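Undergrad: First the structure, which I've put down as structure tokens, then a few questions once you've had a look.
The values are calculated or read from the model by the stated rules, or taken from the named source; none is laboratory data. Predicted model only: the values in this text are computed from it and were never measured. Here the Cβ is made from the backbone with ideal geometry for all residues, glycine too, and neighbour counts use every protein chain on show.
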Amino acid sequence: MAIIEFPKDIRWGAATAAYQIEGAATKDGRGLSIWDTFSKTPGKVLNGDNGDIACDSYHRYEEDIELMKELGIDIYRFSVSWPRIFPTGTGEVNQSGLQYYHDFVDALLANGIEPMCTLYHWDLPQALQDKGGWENRETVDAFAEYSDLMFKEFDGKIKKWITINEPWCVSFLSNFIGIHAPGYQNLQLATTISHHLLLAHGKAVTKFRESGLTGEIGYAPNLEWNEPYSNKQEDIDACNRGMGWFIEWFFDPVFKGSYPQFMLDWFEKKGVTLSIQDGDMAFIHQPIDFVGINYYTGSVVRYKENHELFDNEKVDIGYEKTDFDWNIYPEGFYKALSKLKDQYGQIPIYITENGACYNDGVENGRVKDQRRIDYLKQHLTSLSRAIDSGVNIKGYLTWSLLDNFEWAEGYDKRFGIIHVDFNTLERTKKDSYYWYKQTIKNGWFDMFY
Ligand SMILES: CCOCCOc1ccc(-c2cn(C[C@@H]3NC[C@@H](O)[C@H]3O)nn2)cc1
């Protein structure tokens, strides 16, 4: 017996995002997003998949909420499709879009499930991209306008707001590595965008505070753990640069009011500079109520001269991997959360994404995804270790409730605890759904059962 137990007041939830599950891409006045454009650009998304239909949750959310209710979660993280509210990103409001989210949120509340709303989960209105997207500071102000409208429109219904999901993915994965929308490969552009995203976060927080509305607001960075291959300083430094790209670069401005000097110096060596205007850091640095942490994987990393962006390389030392070919590295989850506490103090943390890609199918009405159960056990154990070590964990929301559109991987990569047949849209509860349901009910689990 190895019982892993959780505090009685921890929140248990699940997470999704608009473009990945809603479908109804042109329904009821929704405008185009950069992911509508990107997914229909040949070669960008595996199998040419797109979000036109996805899980059709736009029409099936009542069924999804029934599944959430049976699961026993008390909080559900979803995102709002910005182009459903402002079809061109700013200006005229689409009342049908607002009404859809009122109907959805009302149904959550009627079923005793608290909505946690992500305002930006990557589906930038294409009309804003056409004017430079996140490189253009006008997009920052458009986001503040959109956020302000949402705060006031949903006052009293939504009390947990997330401004930006995974700013590292939005900036560097999408504009330097280039595998996500809009798909550029320019380090200066990506770094400028990372600053504008944090500024957008800050201006939205300002709007929220000025509104005087009740509720909590935060953002949801993602991070990967880097474990030094050896105790050689060059390997340790190589890991710190790799993690600095996810942690210090996106945490220091918010929690310390400045970018980390070691990262600024490194970027300067790469010919990259940041144009920070007067007042920017004050917006970014203002207090927030929680931080959402998205964790999936970690790697062993060592120094490699003149290699990639940070003179480092991942070393595959044979860790078991998910069907996304990511290391299963639960130790990194515990170490990352401990690092956040050591460096930034007792900020309230919600785990806003954690889960695994396993592509098990339906056999005789059942999905035997034991590997996902094992992944969840290992990572929830790391979470328990972090809680026992004093990390201020407020909740855990698994990614994801449903199999969905996994960006550049399309529907090929399944993260759900509920299987979705993308031909029939039939939902099938996986073994992991039942395991998670029991764990939520008990508030504990047995590692070996
Ligand atoms: C070829 C080089 O590749 C470099 C790294 O490439 C990636 C790709 C993907 C990710 C990635 C995907 N996810 C899951 C999502 N989080 C938000 C939610 O929408 C989930 O769908 N998190 N991180 C990271 C890095």
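Undergrad: Scan segment 212-229 residue by residue and report those that are surrounded by fewer than 23 Cβ atoms within 10 Å (Cβ to Cβ), of a type outside the set (Phe, Trp, Tyr) and away from the ligand (no atom under 16 Å from the Cβ).
TA: Once the filter is applied, which keeps residues that are surrounded by fewer than 23 Cβ atoms within 10 Å (Cβ to Cβ), of a type outside the set (Phe, Trp, Tyr) and away from the ligand (no atom under 16 Å from the Cβ), segment 212-229 yields Gly212, Leu213, Thr214, Gly215, Glu216, Glu227, Pro228.
Undergrad: Would you kindly identify the helices (runs of 4 or more DSSP H) lying entirely within segment 1-75 that contain at least 2 residues that are within 24 Å of Asp130 (Cα to Cα)? Break it down stepwise before answering.
TA: On the way: elements: 18-21, 34-39, 57-71.
Ranges flagged: 18-21, 34-39.
Undergrad: Sticking with this structure for a sec: Which residue pairs have Cβ atoms closer than 8 Å, lie 6 or more positions apart in sequence or on different chains, and pair a first residue in segment 42-60 that is of a type in the set (Phe, Trp, Tyr) with a second residue that is part of a helix (DSSP H, G or I)?
TA: Going by the 8 Å Cβ cut-off, the qualifying pairs are Tyr58/Lys27; Tyr58/Tyr100.
Undergrad: Looking at segment 171-193, which of the residues that are within 16 Å of Tyr19 (Cα to Cα) and surrounded by fewer than 24 Cβ atoms within 10 Å (Cβ to Cβ) is nearest to the ligand (Cβ to nearest atom)?
TA: His180
Undergrad: Return the residues of segment 1-41 that are surrounded by fewer than 17 Cβ atoms within 10 Å (Cβ to Cβ), in contact (Cβ under 8 Å) with a residue 40 or more places away in the chain and either hydroxyl-bearing (Ser, Thr, Tyr) or within 13 Å of the ligand (Cβ to nearest atom) (or both); say none if nothing qualifies.
TA: Within segment 1-41, Thr41 is the sole residue that qualifies.
Undergrad: Modelled with pLDDT of 95 or more and touching a Phe, Trp or Tyr at 6+ places or on another chain (Cβ under 6 Å): is that true of Asp103 in this structure?
TA: The answer is no for Asp103.
Undergrad: Exactly one condition in (1) within 23 Å of Thr139 (Cα to Cα); (2) within 16 Å of the ligand (Cβ to nearest atom); (3) more than 19 Å from the chain's Cα centre (by Cα) is false for Ser299; which is it?
TA: If we test Ser299 against (1) within 23 Å of Thr139 (Cα to Cα); (2) within 16 Å of the ligand (Cβ to nearest atom); (3) more than 19 Å from the chain's Cα centre (by Cα), just (1) comes out false.
Undergrad: Tell me whether segment 230-244 contains one or more residues that are crowded, with 16+ Cβ neighbours inside 10 Å, in contact (Cβ under 8 Å) with a residue 24 or more places away in the chain and not in a helix (DSSP H, G or I).
TA: The answer is no, given that none of the residues of segment 230-244 is crowded, with 16+ Cβ neighbours inside 10 Å, in contact (Cβ under 8 Å) with a residue 24 or more places away in the chain and not in a helix (DSSP H, G or I).
Undergrad: Here's a check for you: in segment 229-277, which residue that is within 27 Å of the chain's Cα centre (by Cα) and among the basic types (Lys, Arg) is farthest from Thr163 (Cα to Cα)?
TA: Out of the qualifying residues, it is Arg241.
Undergrad: Could I ask something else about it? With the checklist (1) over 19 Å from Ile284 (Cα atoms); (2) part of a helix (DSSP H, G or I) in hand, flag the one item His180 doesn't pass.
TA: Of everything listed in (1) over 19 Å from Ile284 (Cα atoms); (2) part of a helix (DSSP H, G or I), His180 misses just condition (2).
Undergrad: Scan segment 398-408 and tell me whether some residue there is more than 11 Å from the ligand (Cβ to nearest atom), surrounded by fewer than 17 Cβ atoms within 10 Å (Cβ to Cβ) and not β-branched (Val, Ile, Thr).
TA: No, every residue in segment 398-408 fails to be more than 11 Å from the ligand (Cβ to nearest atom), surrounded by fewer than 17 Cβ atoms within 10 Å (Cβ to Cβ) and not β-branched (Val, Ile, Thr).
Undergrad: For residues in segment 420-433 being touching a residue at least 12 places away in the same chain (Cβ under 8 Å) and part of a loop (DSSP other than H, G, I, E, B), which is nearest to the ligand (Cβ to nearest atom)?
TA: Phe422
Undergrad: Quickly run through segment 118-156 and pick out the residues that are closer than 17 Å to Gln99 by Cα and more than 16 Å from the ligand (Cβ to nearest atom).
TA: Tyr146, Ser147, Asp148, Leu149, Met150, Phe151, Lys152, Glu153, Phe154, Asp155, Gly156
Okay, residues lined up against (1) closer than 26 Å to Ile293 by Cβ; (2) among the small types (Gly, Ala, Ser); (3) buried (at least 17 other Cβ atoms within 10 Å of the Cβ); (4) more than 23 Å from the chain's Cα centre (by Cα):
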| site | (1), (2), (3), (4) |
| --- | --- |
| Leu46 | no, no, no, no |
| Leu67 | yes, no, yes, no |
| Gly72 | yes, yes, no, no |
| Pro115 | yes, no, yes, no |
| Thr118 | yes, no, yes, no |
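Undergrad: Evaluate segment 110-117: report whether one residue or more is without any contact (Cβ under 8 Å) to a residue 12 or more places away in the chain and away from the ligand (no atom under 16 Å from the Cβ).
TA: Yes, segment 110-117 has at least one match.
Each row is one residue, and each column tells you yes or no for (1) touching a residue at least 40 places away in the same chain (Cβ under 8 Å); (2) in a loop (DSSP other than H, G, I, E, B).
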residue	(1), (2)
Val272	yes, yes
Asp278	no, yes
Ile284	yes, no
Gly292	yes, no
Tyr295	yes, no
His307	no, yes
Ser338	yes, no
Gln343	yes, no
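Undergrad: Another one. Among the candidates Ile417, Ile440, Ile393, which residue alone is of a type in the set (A, V, I, L, M, F, W, C) and within 16 Å of the ligand (Cβ to nearest atom)?
TA: After applying the criteria, what remains is Ile417.
Undergrad: May I ask you to list pairs of residues, at least six apart or on different chains, whose Cβ atoms are under 6 Å apart, with the first in segment 316-328 being within 14 Å of Val300 (Cβ to Cβ) and the second being small (Gly, Ala, Ser) and in a strand (DSSP E or B)?
TA: Final answer for the pair search is Asn327/Ser299.
Undergrad: When you check Lys394 against the structure, is it in contact (Cβ under 8 Å) with a residue 60 or more places away in the chain and either within 20 Å of the chain's Cα centre (by Cα) or under 17 Å from Ala17 (Cα atoms) (or both), yes or no?
TA: Details: in contact (Cβ under 8 Å) with a residue 60 or more places away in the chain: yes; either within 20 Å of the chain's Cα centre (by Cα) or under 17 Å from Ala17 (Cα atoms) (or both): yes.
So Lys394 fits the description; yes.
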